[in-house]
Every structure is written in C-alpha cells, then in structure tokens.
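Chemist: Sharing a structure with you now.
The values are calculated or read from the model by the stated rules, or taken from the named source; none is laboratory data. No experiment lies behind these values; they were computed from the predicted model shown. When we count neighbours, we look across all protein chains shown, and the Cβ atoms used for this are built from the backbone with ideal geometry, even at glycine. Please note that ligands, DNA and RNA were not included when accessible areas were found on the heavy atoms of the full protein model with its side chains. Shrake-Rupley method; radii C 1.70, N 1.55, O 1.52, S 1.80 Å.
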Amino acid sequence: MLKGRWRIPIFVWALTCWFGSANSADKSMLSERDPSIRVVVPMVSHWSADTADSPLTVAMKRVLLSMPVSTELIFVQQNRGIEMFLRHEVDCLLGADRSMLRHLADFPVLESTPFLPMELRVFNLPPAEPVRDREALKTLRLGAQPAARASMVTGLGIKAAEIDIASDISQNVEKLKRGRVDALVIGWPKAHHLLSGLQSDPGLVLERWNEAVLCHPDEPRRQFVEVLNDAIRQNQKSGEIPPPDIDAWLSWRPWQGAASRQ
C-alpha cells in the first residue's frame, strides 16, 4: 500500500518537472526568438533615406542604434510607414507625436522625449504676397504630403480649392515652381533646406507638434522608450543633436552644412 500510495505522487511530480523544464525551455527559446524593437523611419528626402545621407537621419540613427537594446530600423515611404504603425505591423514610428493620431486613429501610444519642435506652415513663391490667413487658402491649390500631413490638413478643417498630394516635399516644391500648385503646406523647420527661395508668414501656423518616437504600449516597448529617452537627453547634452528648440536646430552645424549643399 505504501508503494501504491507513492506511485501516483511520484509520477505527477516527474510529469510536473518535465512540463516545468519544457516551459522554461520554451520561454528561453521564445526569448531568443523575440524580434528586436522595429522602428519604422518614413523615407522623405529631408528626413531620411536608406543611404542615411540626411544629417538628421544620421543623428537619430546614431541615437537609436547606440542603445543597449536590439533595434531594427525599417525605411519605407512615408505613407506606408505610418500605415504600418497604425496597423501594428511595427513597434514604433520615428518622427511624430500624439497630435498626429488625432487625425489618423484613436489608440494609446507611448511617446519618447521630443527632439524637434515643428510648425505646419504655408509656403509660396514671391513676388506673390505671403499667405497670411486661413481664409486665403480657400482659393488656392495646395501641395501636401501623404498620410500624416495630408490628414492633418484634412483634420484641421483647412479649406482649399484643391489639395495636391505628392509623396515627397521636393516633388511638391517642383510643382510649386512649375505653377501646378499655388502654395505648399509643409512642416518647418525640418524641410528648411529644401525651401530656398520660398516664403512663409511666421504668423500663420496651422499646427504645432514635436517630433518624437511613438510606440505601441506594452512592457518591452515601455522599457525601450525609457532607454531611448536617456539616449536622447545624452545626445542633446553632448551636442550630437540640438535641444528641442527651433532656433537651435536651424543653427545646428551639420544641418547648415546640408543646406549649403542643396
């Protein structure tokens, strides 16, 4: 009887140990298979390219890839990149803040420390007068970028005779110079080195936001954002990227160097 009474407990203990070791192995294997944090970087000529020739891209890639966290950068066209983030196909999106989601989606996000303040402005060509109020936009053909910025135009209730969408700011600038559009709706100052010869009334700002990194919320991504915040602050302190101030960015030497090469 003693033997019979112990047979089942010993069998159950052995089975439990086996399952326990299997679960541990599975967890270990799962950990090894866990993908890195995937950050989508919208490919816009003034912001990024897969050749990383933009000073801003180089600086932010250095921030992201220097962190002690496995990070994969995915370069795609801007509208595709934002779509991937909205569909939860990637962990994070570089170059946005929560205000963008007001016009695109409504779900919780984690937001990194901002690194670049932005203003949505209207640019046109002299000798025409600068566009000074929203009312004037109603008669104009506006050039805009897809996805986020075009949605911001729509979400902000801007009325225009026509909104012409181009996948790249340089394409919009070319359309303006050829007379295909009357004015451009562009984020300032990130595109400043592409806007030589254009004008904008600084009193007409359609939207303000901060460039940051948005991530979908869960614990691994939360830890990633915490490490990223430290990296951003350290790079601001060391001068690798300017503090979050428009004038500081406009006077940033690598950016000025890029502007002089345009």
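Chemist: Looking at (1) over 26 Å from residue 106 (Cα atoms); (2) surrounded by fewer than 16 Cβ atoms within 10 Å (Cβ to Cβ), can you tell me which one residue 143 breaks?
Modeler: (2)
Chemist: Here's a follow-up. Spot the failing condition for residue 76; the list is (1) more than 19 Å from residue 168 (Cα to Cα); (2) surrounded by 15 or more Cβ atoms within 10 Å (Cβ to Cβ), and only one is missed.
Modeler: With (1) more than 19 Å from residue 168 (Cα to Cα); (2) surrounded by 15 or more Cβ atoms within 10 Å (Cβ to Cβ) applied to residue 76, the lone miss is (1).
Chemist: Continuing with the same structure: Select from region 203-235 the residues that are over 24 Å from residue 103 (Cα atoms) and open to solvent by less than 70 Å² (accessible area, probe 1.4 Å) and list them in ascending order.
Modeler: Residues satisfying the conditions are 224, 227, 228, 229, 231, 232, 235.
Chemist: Follow-up question, since we're still on this one. Could you pull out the residue among 200, 238 that is more than 22 Å from residue 108 (Cα to Cα), of a type outside the set (Asp, Glu), at pLDDT 90 or above and open to solvent by less than 50 Å² (accessible area, probe 1.4 Å)?
Modeler: Details: 238 fails: open to solvent by less than 50 Å² (accessible area, probe 1.4 Å).
None of the others qualify; the one that does is 200.
Chemist: If you check residue 104 against the conditions, is it of a type outside the set (S, T, N, Q) and in a loop (DSSP other than H, G, I, E, B)?
Modeler: Numbers: of a type outside the set (S, T, N, Q): yes; in a loop (DSSP other than H, G, I, E, B): yes.
For residue 104, the condition - of a type outside the set (S, T, N, Q) and in a loop (DSSP other than H, G, I, E, B) - is met.
Chemist: Count, please, the residues in region 202-222 that happen to be over 30 Å from residue 123 (Cα atoms) and under 18 Å from the mean Cα position of the chain (by Cα). Walk me through how you get there before you give the answer.
Modeler: Going residue by residue through region 202-222, those that are over 30 Å from residue 123 (Cα atoms) are 215-222.
Among the residues that remain, those that are also under 18 Å from the mean Cα position of the chain (by Cα) are: 215-217, 221-222.
Looking only at that region, the number is 5.
Chemist: Restricting to region 76-101, what's the tally of residues that are basic (Lys, Arg) and assigned to a loop (DSSP other than H, G, I, E, B)?
Modeler: The initial filter retains those residues of region 76-101 that are basic (Lys, Arg), namely 80, 87, 98.
Next, only the ones that are assigned to a loop (DSSP other than H, G, I, E, B) stay: 87.
So the count comes out to 1.
Chemist: Looking at residue 58 and the list (1) over 12 Å from the mean Cα position of the chain (by Cα); (2) open to solvent by 30 Å² or more (accessible area, probe 1.4 Å); (3) closer than 22 Å to residue 220 by Cα, which single condition is not satisfied?
Modeler: So residue 58 meets the others, but not (3).
Chemist: Then there's this: I need a count of the residues in region 176-194 that are in contact (Cβ under 8 Å) with a residue 12 or more places away in the chain and out of contact with any Leu (no Cβ under 8 Å at 6 or more places or on another chain).
Modeler: The first filter runs over region 176-194 and keeps only residues in contact (Cβ under 8 Å) with a residue 12 or more places away in the chain, leaving 176-177, 180-194.
The next check asks that each one be out of contact with any Leu (no Cβ under 8 Å at 6 or more places or on another chain); those that pass are 180, 191, 193-194.
Residues flagged as in contact (Cβ under 8 Å) with a residue 12 or more places away in the chain and out of contact with any Leu (no Cβ under 8 Å at 6 or more places or on another chain) within region 176-194 amount to 4.
Chemist: Further question: Tell me, yes or no, whether region 123-137 has at least one residue that is in a strand (DSSP E or B), modelled with pLDDT under 95 and open to solvent by less than 30 Å² (accessible area, probe 1.4 Å). Give the steps one after another, and end with the answer.
Modeler: Applying the first criterion (in a strand (DSSP E or B)) to region 123-137 yields 123-124.
Still in the list and also modelled with pLDDT under 95: none.
Within region 123-137, none of the residues are in a strand (DSSP E or B), modelled with pLDDT under 95 and open to solvent by less than 30 Å² (accessible area, probe 1.4 Å).
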